[in-house]
Amino acid sequence: MAEPVLSPQEEGKRAAGEAAAALVEDGMRLGLGTGSTVRWVLEALGRRIRDEGLRITGIPTSEQTAARARELGIPLTDFAATEALDLCIDGADEVERGTLRLIKGLGGALLREKIVAEAAGRFVAVVDASKIVEMLGVKAPLPVEVTEFGWESTARRLAALGGSPVLRRRDGAVLRTDGGNLILDCAGFAPIRDPLGLQRELKTIAGVVETGLFLAGAEQAIVGGADGGVEVLRRA
Ligand SMILES: O=C[C@H](O)[C@H](O)[C@H](O)COP(=O)(O)O
């Protein structure tokens with residue numbers, strides 16, 4: 001059967017995802033990110049397990065990733081059984097050129113993603129070219145995960161800081177994360193000139209569980225182009 005024709009953006013995601021999967025070595029313990037780009041990573045890892053006998057274990061960053069990984073025969077583990085991870089591969093909503101700091105969370109998985117990223121020795125971001133920005137916040141709102149209890153009060157505090165929070169919904173219903181929390185998308189912080197300062201300020205609000213600012217940055221970003229080629233950006 002003929003392969004489906006991909007949109008230019010999807011072609012970039014495929015290229016990035018497959019290039020990242022090629023970095024994975026036998027025996028690695030992996031952090032498995034979430035999203036439409038990571039889906040290509042999972043497909044490629046599933047193929048390598050089947051065709052090459054690649055032996056890996058992964059900690060998934062979402063229920064969605066866990067389900068797809070199981071379908072593809074990727075062995076999963078958890079932090080009770082695994083202390084540290086060799087590599088985390090994950091998507092991003094924005095990648096700041098030079099620093100490779102990220103905004104993540106438009107897929108709603110930011111909290112688990114950050115826990116997994118922090119446990120990994122290396123972090124590789126997989127994105128299509130549209131995700132590269134000169135300054136964080138210019139394309140994507142900043143997702144802030146908050147507790148359901150008191151979320152209206154938390155939203156008011158975010159609004160007072162200029163965040164213009166909007167409660168995230170999906171298919172008309174309020175979106176709940178895998179951890180049972182809510183997400184407030186804050187477009188008002190853009191452009192984010194002092195991400196470290198903003199992160200510190202946001203984390204002083206009791207109802208804020210985590211933000212989508214990933215300020216440790218990726219070690220490298222694999223950027224897939226519409227022509228199926230990839231460019232590898234490294235932290236300056
Ligand atoms: O919560 C979701 C994640 O941070 C995703 O990795 C991010 O939104 C990128 O997803 P996609 O590859 O679908 O654009």
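Straightening the chain between ARG234 and ALA160 buys 23.0 nm, computed as 0.36 nm per residue apart minus the Cα-Cα spacing.
With θ set to phi - 60° and the Karplus curve 6.51 cos²θ - 1.76 cosθ + 1.60, what are the ³J(HN,Hα) couplings of the stretch 4-20 in order, to the nearest whole Hz, using x for Gly and Pro? So the Karplus estimates, Gly and Pro as x, are x, 7, 8, 5, x, 5, 5, 4, x, 5, 4, 4, 5, x, 5, 5, 5 Hz. Using the average count of surrounding beta-carbon atoms within 10 Å as a protection proxy, the listed peptides 210-221, 176-187 rank, highest first, as 210-221, 176-187. For the stretch 134-165, the set of GluC sites (Glu not before Pro) satisfying both a DSSP loop assignment and a count of at most 15 other C-beta atoms within 10 Å is given as GLU134, GLU148. Only one residue of VAL209, SER130, THR154 has its Cα farthest out toward the positive end of the dipole of the stretch 86-223, where Lys and Arg carry +1 and Asp and Glu -1 on Cβ, and that residue is THR154.
For ARG14, ARG234, the sequence from fewest to most other C-beta atoms within 10 Å is ARG234, ARG14. Each Lys and Arg adds +1 at its Cβ and each Asp and Glu adds -1 at its Cβ; summed about the Cα centre, the chain shows a dipole of about 460 debye.
Computed about the Cα centre, the dipole magnitude for the stretch 142-211 is approximately 140 debye when only Lys and Arg (+1) and Asp and Glu (-1) carry charge, each at its Cβ. Note on the chain: lysine pairs with Cα distance below 18 Å, sequence gap of 8 or more or different chains, count 9. Remark on GLY217: its backbone amide H falls under 5 Å from those of LEU102, a criterion applied only to residues 5 or more positions apart or on other chains, H modelled at 1.01 Å from N.
The local environment of PHE214, defined by Cβ-Cβ distances under 14 Å, has a net charge of -1 under the rule Lys, Arg +1 and Asp, Glu -1.
Between ALA173 and ALA119, the distance separating the two model label sites (each 7 Å from Cα on the Cα→Cβ line) works out to 2.8 nm. A simple spin-label model places the labels of LEU23 and SER130 2.3 nm from each other, with each point 7 Å out along Cα-to-Cβ. Between ALA120, ILE49, CYS186, the Cα set farthest toward the positive side of the dipole of the chain (charges on each charged residue's Cβ, about the Cα centre) is that of CYS186.
Readers should treat all values here as calculations from the given coordinates under stated rules, not as data from a laboratory. Being a predicted model, the structure only gives us computed values, none of them experimental. Glycine also receives a Cβ, built like all others from the backbone with ideal geometry; neighbour counts cover every protein chain displayed.
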